[in-house]
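Student: What follows is a structure written as structure tokens; I'll ask about it next.
Here, each number is a calculation from the coordinates, and none is a lab measurement. Nothing here was measured: the structure is a model prediction, and the numbers come from that model. Cβ sites come from the backbone with ideal geometry, for glycine too, and all protein chains shown count toward neighbours.
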Amino acid sequence: MTSGHALHTALVSNSDDELIAVLEAELRRSAGRYDDILLVVGKDTRRLVSQRVGDLGGALCWGDPSGFYQRLGFAYEGFRRYLAEQHGAGRRVHVIAEPDLTGGVDAGLHADRAAAYLAYEAVCNETYAPYGGAVTCLWDRRHHAAAVIDGVRATHRHLLTGEGRVPSPAYRGPERYLTERHDLTLPPAPDDVEHDVTLAEVADLSRLRAVLHPWAAGHHFAGEPADDLVVAAVEIAANGLRHGSAPVRIRAWHHRDTLIVQCDDGGGRPIPVTAGYRRPRLAAAPGGRGLWLARQLADVVITDSVPGRTSVRLHFPYEVMHRVPV
């Protein structure tokens with residue numbers, strides 16, 4: 001298999017008939033090109049495929065969406081690891097995935113999550129490239145806002161149509177897409193937050209842990225989800241102290257079933273648009289892993305910099321945080 005090139009394609013459909021017609025043709029083409037075709041799709045799409053093409057003589061295998069689509073960074077890293085493992089074993093694979101952007105997330109936060117997911121779609125054009133193979137994402141116009149579909153076209157190099165795979169005219173590379181996007185904003189924090197903590201030095205981080213653990217437990221976060229929330233928040237606060245400007249202010253509140261933590265430092269130093277999306281090298285300094293780790297442990301991470309202030313906001317939806325990974 002050729003390294004350094006991965007086909008990242010979007011199939012944007014308007015109906016079940018259009019979806020299955022285009023997907024069936026692609027599955028039949030892929031059956032002769034790839035060692036494995038992994039479908040991580042919802043039950044309705046699985047039913048359509050099973051009725052139309054069966055398992056193509058054993059060529060198709062199925063992944064449980066709940067095992068892949070968990071916290072966004074975890075999902076992104078899960079697909080990367082799968083591709084890396086298959087590539088290491090010398091196998092050509094085609095992953096067909098149907099993103100779940102709304103399951104287990106408060107309706108008022110759907111737009112933030114969709115924007116955050118599209119950021120990962122942009123970056124994976126580079127991070128998946130060394131493993132070759134193909135990743136095809138299924139998007140239904142009936143289930144997503146027009147702005148999301150526009151983002152899909154901008155973050156996928158190719159579109160899958162009835163005529164086959166064609167270049168996406170709207171495609172923008174990761175740096176350009178992440179720099180130009182305006183869909184992931186940081187609205188003001190509420191006035192009535194549940195905790196408001198100010199840290200002056202790294203030694204104060206223990207006080208932040210002492211505040212966040214019981215707060216998470218009070219919202220029924222237990223075990224690893226609560227620990228992950230605290231670790232993610234402390235990593236971001238530590239980054240603010242080390243790389244920004246003290247004092248660092250941490251506020252915590254909830255939006256229905258989602259716990260939200262925001263860290264602000266006075267540095268005003270812009271965070272690079274691709275920061276925290278690429279897995280750090282093992283030799284990287286410990287201080288260079290904080291944002292990547294936070295993206296793995298939280299569901300959505302929003303960054304914002306203005307003169308005199310750098311902010312990072314973390315979302316922890318209850319249901320998403322408590323899913324059991326495969």
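Student: Out of 12, 105, 197, any idea which swings most in a Gaussian network model of the chain, alpha carbons joined below 10 Å?
Tutor: 197
Student: So what is the relative contact order for region 7-180, in percent, with contacts set as C-alpha pairs under 8 Å and at least six apart?
Tutor: Relative contact order comes out at 34 percent.
Student: Within a 10 angstrom radius of the beta carbon, how do 260, 250 rank from fewest other beta carbons to most? Intermediate results must be reported in sequence, preceding the final value.
Tutor: Working: 260 22, 250 26.
Ascending Cβ contact count within 10 Å gives the list 260, 250.
Student: Could you tell me which of rounded, prolate or oblate describes region 236-286, using a ≥ b ≥ c as the square roots of the eigenvalues of the alpha-carbon gyration tensor, with rounded for a/c under 1.5 and, failing that, prolate when a/b is larger than b/c and oblate otherwise?
Tutor: Details: a/c = 2.18, a/b = 1.35, b/c = 1.61.
Judged from the Cα gyration tensor, region 236-286 comes out oblate (a/c at least 1.5, b/c at or above a/b).
Student: Here are labelled values, (1) 26, 24, 20; (2) 32, 28, 17; (3) 37, 20, 19, and one is the computed semi-axes √(5λ) of the Cα gyration tensor in Å for what I pasted. Which one?
Tutor: Read-out from the structure maps to (3).
Student: Treat each spin label as a single point 7 Å out from the Cα along the C-beta direction, and report the residue 33 to residue 193 distance in nm.
Tutor: Result for the modelled spin labels: 4.9 nm.
Student: Which of the helices in the chain, when you take each full DSSP H run, stretch at least 18 Å along the axis at their Cα atoms and have an average Kyte-Doolittle score of -1.0 or higher?
Tutor: Numbers: long enough: 16-31 (22 Å, -0.11); 72-88 (24 Å, -0.57); 110-127 (26 Å, -0.21); 205-218 (20 Å, 0.36); 223-243 (30 Å, 0.29).
Flagged H segments are 16-31, 72-88, 110-127, 205-218, 223-243.
Student: Please identify, among 51, 262, 296, the residue showing maximal mean-square fluctuation in a Gaussian network model of the chain using a 10 angstrom Cα cutoff.
Tutor: Per the Cα network of the chain with a 10 Å cutoff, 51 tops the list.
Student: Is the C-alpha gyration tensor of region 1-69 telling us rounded, prolate or oblate? Criteria: a/c under 1.5 is rounded; beyond that, a/b larger than b/c is prolate, otherwise oblate.
Tutor: Here region 1-69 falls in the rounded category.
Student: Sort region 42-137 into rounded, prolate or oblate with this rule: let a ≥ b ≥ c be the square roots of the eigenvalues of the Cα gyration tensor; rounded if a/c is under 1.5, and if a/c is not under 1.5, prolate when a/b is larger than b/c, oblate otherwise.
Tutor: oblate
Student: Percent of alpha carbon pairs in region 7-180 separated by more than 26 Å?
Tutor: 24
Student: How far apart, in nanometres, would the label points at residue 186 and residue 163 be if each is projected 7 angstrom from Cα along the Cα-to-Cβ direction?
Tutor: In this crude spin-label approximation the distance works out to 4.4 nm.
Student: Give me log10 I(q)/I(0) at q = 0.15 Å⁻¹ for region 172-295, Debye formula, one equal scatterer per alpha-carbon, no solvent.
Tutor: For region 172-295 at q = 0.15 Å⁻¹, log10 I(q)/I(0) is -0.79.
Student: Report the full-extension gain for the segment residue 145 to residue 246: residue separation times 0.36 nm, less the Cα-Cα distance, to one decimal in nm.
Tutor: 32.4 nm
Student: While we're here: Mean separation of Cα pairs under 8 Å and 6+ residues apart, divided by the residue count of the chain: what relative contact order is that in percent?
Tutor: Relative contact order comes out at 21 percent.
Student: Take the Cα radius of gyration of region 233-325 and divide it by 2.2 N^0.38 Å, with N its residue count; two decimals is plenty.
Tutor: With N residues counted in region 233-325, Rg over 2.2 N^0.38 Å equals 1.09.
Student: Another question about this same structure. Antiparallel as a % of all DSSP beta bridges within region 7-180, to the nearest 5?
Tutor: 15
Student: Given the chain, what percent of its DSSP beta bridges are antiparallel, to the nearest 5?
Tutor: For the chain, the DSSP antiparallel bridge percentage is about 60.
Student: Also: Using label points projected 7 Å from each Cα along Cα→Cβ, tell me how many nm separate residue 209 and residue 21, to one decimal.
Tutor: 6.0
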